[in-house]
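> Quick one: the structure is below, questions incoming.
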Amino acid sequence: MVIKMAKLTNLIYCLNAERVSANDGKGDSINVMGVLSALTPEFVPGTFSFSIIFLY
């Protein structure tokens, strides 16, 4: 049995992202809000929270 790892092709720092159904019903789109050019927190957090959205 061969298990393949996911391949990362794009990485976007943003404040929020959500998967939205496409208007044609043939797939999904990603709605990204608050795109950041760098990760610059206002304070040093104890932990980071993040989401990963897989496109297939």
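The values are calculated or read from the model by the stated rules, or taken from the named source; none is laboratory data. All values derive from a computational prediction rather than experimental measurement. Don't worry about glycine lacking a Cβ; one is built from the backbone with ideal geometry, like all the others, and counts go over all protein chains shown. In case anyone asks, the SASA skips ligands and DNA or RNA and just uses the protein heavy atoms, side chains included. Shrake-Rupley method; radii C 1.70, N 1.55, O 1.52, S 1.80 Å.
> Select from the stretch 1-29 the residues that are under 15 Å from residue 52 (Cβ atoms) and among the acidic types (Asp, Glu) and list them in ascending order. Let's see the steps before the verdict.
In the first step, residues of the stretch 1-29 are kept if they are under 15 Å from residue 52 (Cβ atoms); the result is 5-14, 16-19, 28.
18, 28, listed by residue number.
> Closer than 16 Å to residue 52 by Cα and open to solvent by less than 100 Å² (accessible area, probe 1.4 Å): does that describe residue 33?
Numbers: closer than 16 Å to residue 52 by Cα: yes; open to solvent by less than 100 Å² (accessible area, probe 1.4 Å): yes.
Yes; evaluated as a whole, the condition is true for this residue.
> Then there is this: Based on what the data block shows, is residue 23 assigned to a loop (DSSP other than H, G, I, E, B) and at pLDDT 70 or above?
Numbers: assigned to a loop (DSSP other than H, G, I, E, B): yes; at pLDDT 70 or above: yes.
The answer is yes for residue 23.
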